[in-house]
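Please read the structure below before turning to the comments.
The values are calculated or read from the model by the stated rules, or taken from the named source; none is laboratory data. This structure is a prediction, so every number in the text was calculated from the model and none was measured. As a convention, Cβ positions derive from the backbone with ideal geometry for all residues, glycine included, and neighbour counts pool all protein chains shown. Just the protein is used for accessible areas: all its heavy atoms, side chains included, with ligands, DNA and RNA removed. Shrake-Rupley method; radii C 1.70, N 1.55, O 1.52, S 1.80 Å.
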Amino acid sequence: MTDDLSLLDATAQAQLVARGDITPLELVDAAINRVEKVNPELNAVIHPLFDKARTAARGELTGPFRGVPAVVKDLDGSSAGDPCHMGNRLLKEVGWVDDHDTFLFAKLRAAGFVFVGKTNTPEFGLQPTTEPLVYGPTRNPWNTERGTGGSSGGSGAAVASGMVPVGHAGDGGGSIRIPGSACGLFGLKPNRGRISMGPDAGESWAGCVARHVLTRSVRDSAAVLDVLTGEMPGDPYTAPPPARPYADEVGADTGRLKVGLLVRAPGEMVPTHPDCVAAAEDAARLLESLGHTVEPASPAALDESALMEKFMVILTTWVVHDVNETARRAGRTVGSEDVEPLTWAYSELGRTHSSADYVDAVNTLHAWSRRMAAWWHDDGYDVLLTPTMAEPPPVLGDLVPPADNPFEGAARATAFATYTAPFNVTGQPAMSVPLFESSEGLPIGTHFVSAANREDVLLRLASQLETARPWSERRPPVHA
Amino acid sequence: MDDLALLDATAQAELVRRREASPAELVEAAITRIEKLDAELNAVVMPRFDGAREAVGRDDLPDGPFRGVPFLTKDLWCFTRGEPLTNGMRFLKEADFVAPDDSHLARRWREGGFVNLGFTNSPELGLVPTTEPEAYGPTHNPWDLGRTPGGSSGGSCAAVAAGLTPIAHASDGGGSIRIPASCCGLVGLKPSRGRVSNGPEGGDLTRFLSVQLGVSTSVRDVAALLDVAAGPEPGDAIIAPAPARAYADEVGAHPGRLRVGIATSLGGNETHPDCIEATEHAGRLLESLGHHVEPDHPDDLDDRANGVAFMAVWMTNAAAALETWGTMVGREVTEADVEPLTWAQVEQGRTLSAIQYLDALNQMQAFTRRIAQWWHDRFDLLLTPTVAHAPPPLGELPPRGDNPLADYGRVVAFVPFTPAFNVTGQPAVSLPLGTSGEGLPLGVQLVAAYGREDVLIRVASQLEAAAPWAGRRPPVHA
């Protein structure tokens, strides 16, 4: 039996509370029931916070989302008093608990959200699938033999199955958009600097990581972005504030957009599955029917090779940072048995880089980002349209790196991040929109990239697409 | 005495606008001044008089706010298409390196109407706060030819202080705009990180600490110069928050009642009494103007550990820079190609691993977060001396000997107040409000919150009106 509240987005649930039709505690209790009902099958919520959530719901709540239940990822932020294991077995073993809120979580709480649990993530967010050895795989509610994508796959499954309307997520190579695509959700990666990573961090992966949420509706994503945006003291990156609230972009006129369509993976590193090509081409026709101009076009710089190598220098150096931080938290050195084989292999590689290698990698990627920006700035394109992933949602186990050759697993992951990761490097906003379903009934996301700092363009377009081809009635087989 | 030499860039531009002087007349007068005085100063190491004459001879001189105003470009990092760039390095000088393209900033200078008369002296790669590169020899301070003009923008500062041009390009990775501005009696504003693009040639991380603008005798020049230079270029990784209005409009605008913390020593450094007096005098002046001034500063500025992270990043950047220039020229840069201090820093930088560098960046980020809180919670401005003592004699600052890094203590002791704000990316200005016992200029530094150049320009303009310095000129002046 379906719980009616499971069909409502956060905005609608908040309206019920605002009208006095329901109390925050009723909303939260219903969400807890849904988690208890479907989570055993999905393994999305790994740290239930039910008692704490009920206490919060009984307390003084304010803000536009008063009493609305949400989940937060077990990575990409600290939440006071809650476990934070980042998919790592040693942190689980020592029972690490965070002692403060990152700004993002404090802002979500101040907006009235109540966290009912923390969600599964691959170790340190390093894989585009959510199958950490320590907590086991999260299953896709559309097909439980499939993965949810990653790294925000726990949040993806929780939102897609109707446990909660909003799941916190972070994206350093596609980790909001990939599970958005795999789980049939709306996933916007905001611009670099749009949402502060403080006070714990200034940046992650040299500015590649952006945080936000996975939602079912565009309006939820826009309204939550209004809650989360805004510079905090000491932020290293700041994004220019929008001209008006993002919520106002929902339903606003998009104008006629000039769109480039790309259905071949950058540098053709991997083939693109016909279903993913079909999804992007179908979206292109939809855009044309809405009056936009679509033509085959993409930034030439997108095909430049050697970028992956530079990105890996940055990524593996940050893995060393993660391993060192884990050692600090555990109070002892970390050995190969304390982390997954791929993480260890990455950290070993990371330790071989010199400081000049790191500087060269970042400089090279920044210079490349400038060449990329020219396509939007000089050539006059508003949006790049691609598939979100080069393959449908992964079969569970397919992406788990073999212990004897972990890099092989990393190479297999390319198909899932090839379209998304370039825009972590450039820092541009990008989104996955659930417009397509494969013949097997799997969601296939469509990926849109705007010029720097133009989340407004993306949100207007997403809202237009949501109206033209609504997805809110589509529900996966596993649903609360 | 050349009357034009007494006019700031804004006034010279106004003459052109009113057709009371032509760009060619302004440029010829400046060339005459350089030819007359630069033999003594050694500020302009690569004159470009023919190019300047050609630029004003054509009828396509861009109609920017500084149309026809003579200008000098610092010989560090900034590419001017078809022109040499040596960064104070013998290596690039001997290789006859020519910039393949314009930096955004060089293009903006040209679009602003400036006419470039040449390139000014810089220490090798801008690594020391004095301007005495082996490649070109020392630049002399027009206030006392035996003394340093400071650095690394010492060539530009000596030139402007002596009236060769009214304004010049400068850059600041550890104090290199503010320090020579202090030594030469000029206004030197280091903008916020991300205010002025370092693109498109790349190197954003190498130049993470460094931001460009320029120096002048007047606050209004610097404000208008910032209007020309400021604003993101496509693909910039870091973009400072946009100002509410033009910086020129902040000149003369009332700053309101500002909360000012004053500190004359950080981490127990020794500050010369003249510098303390200059700073306290500025504090009293601010109080007399209605601001609230009290002894206070962010505690973290006292923590020397932050200097360790700074030096890790600084020396890695030196190593990365050497790689870059070796690649550009197509030949590896060897020990014989660079000065001993450069090589020592590069060698040190090369011993660092990527994770040590990342740890240093993350420490700097945490430091920035804590420092920012002081401004966020309690204060609008920090007031400090710009340097810890008057400009020393030439030859005294450059680290020497077999172990130049061990000799670096003198450099740190001279400039304890400026590098922290290259780490935090905050805007900071040096204003020529003090004088040493020997009659040498001493700057005071004002630091605002990130992105708040508007606050600095308003208060600087108020101080300039209250205690004008335009009449003070060095003995060597056009």
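Details
- Residue-count net charge about B:Ala161 - beta-carbon cut-off 13 Å; Lys, Arg +1, Asp, Glu -1: 0
- The base-10 log of I(q)/I(0) for segment A:205-285, evaluated at q = 0.25 Å⁻¹, reads -1.15 [Debye formula, identical scatterers on Cα atoms, solvent excluded].
- Along its principal axes, segment A:2-468 has C-alpha extents of 56, 55, 47 angstrom, given from the largest down.
- Here chain B has 51 percent of its accessible surface on carbon and sulfur atoms, given a 1.4 Å probe and all protein chains in place.
- A/B buried area, accessible surface, summed, 1.4 Å probe, Å²: 2800
- For segment A:304-327 versus segment B:247-320, the spacing of their alpha-carbon centroids is 37 Å.
- For the residues of A:418-429, the average number of beta carbons from a partner chain within 10 Å of their own beta carbon is 1.
- DSSP beta bridge pairing in chain B, given as percent antiparallel to the nearest 5: 70
- Solitary cysteines of chain B, where the nearest other Cys Cβ is not under 4.7 Å: B:Cys78, B:Cys183, B:Cys275
- Fraction of accessible area attributable to carbon and sulfur, segment A:2-468 (%, probe 1.4 Å): 52
- Taking all Cα pairs closer than 8 Å and separated by 6 or more residues, the relative contact order of segment A:2-468 comes to 17 percent.
- Trypsin sites (Lys or Arg not before Pro) lying in DSSP loop within segment B:41-106, provided at most 14 other Cβ fall within 10 Å: B:Arg58, B:Arg81
- Rg and Dmax over the alpha-carbon atoms of the protein assembly as shown stand at 29.2, 94 Å.
- Taking a Cβ cut-off of under 13 Å around A:Glu145, the surrounding Lys, Arg, Asp and Glu residues balance to a net charge of -2, with basic ones at +1 and acidic ones at -1.
- Å² per residue, accessible surface of segment A:2-468 at 1.4 Å: 32
- Share antiparallel - DSSP beta bridges, the protein assembly as shown, percent rounded to 5: 65
- Taking a ≥ b ≥ c as the square roots of the eigenvalues of the alpha carbon gyration tensor, chain B is rounded, as a/c is under 1.5.
- The mean sequence separation of alpha-carbon pairs under 8 Å and at least six residues apart, normalised by the residue count of chain B, gives a relative contact order of 18 percent.
- Annotation note: GluC sites (Glu not before Pro) in segment B:12-98 located in DSSP loop regions with a Cβ neighbour count of at most 15 within 10 Å are B:Glu20.
- Part-to-part distance (alpha-carbon centres) for segment A:330-378 and segment B:118-193, which is given in Å: 37
- GluC sites (Glu not before Pro) restricted to segment B:276-349 and DSSP loop, no more than 14 other C-beta within 10 Å: B:Glu332
- Think of segment B:1-56 as a dipole: +1 on every Lys or Arg Cβ, -1 on every Asp or Glu Cβ, centred on the Cα centre; then among B:Val45, B:Thr10, B:Ala29, B:Thr10 lies furthest on the positive end.
- Cα gyration tensor shape for segment A:303-425, rounded if a/c is under 1.5, else prolate or oblate: oblate
- Gyration tensor (alpha-carbon) shape descriptor, segment A:19-85, a/c threshold 1.5: oblate
- For the protein assembly as shown, lysine pairs separated by 8 or more sequence positions, or belonging to different chains, with Cα-Cα distances below 25 Å total 22.
- Alpha-carbon centroid distance for the pair segment B:1-53 / segment B:397-439, whole angstrom: 30
- Computed over the protein assembly as shown, the per-residue total of -39500 (n - 2.57) for DSSP H runs of n ≥ 4 gives a 222 nm mean residue ellipticity of -11500 deg cm²/dmol, rounded to 500.
- Taking every C-alpha pair closer than 8 Å and separated by at least 6 residues, the mean separation divided by the residue count of segment A:98-234 gives a relative contact order of 23 percent.
- Beta bridges per DSSP with both ends in segment A:2-468, % antiparallel, nearest 5: 65
- Under the Debye formula (equal points on every Cα, no solvent term), log10 I(q)/I(0) of segment A:52-175 at q = 0.19 Å⁻¹: -1.02
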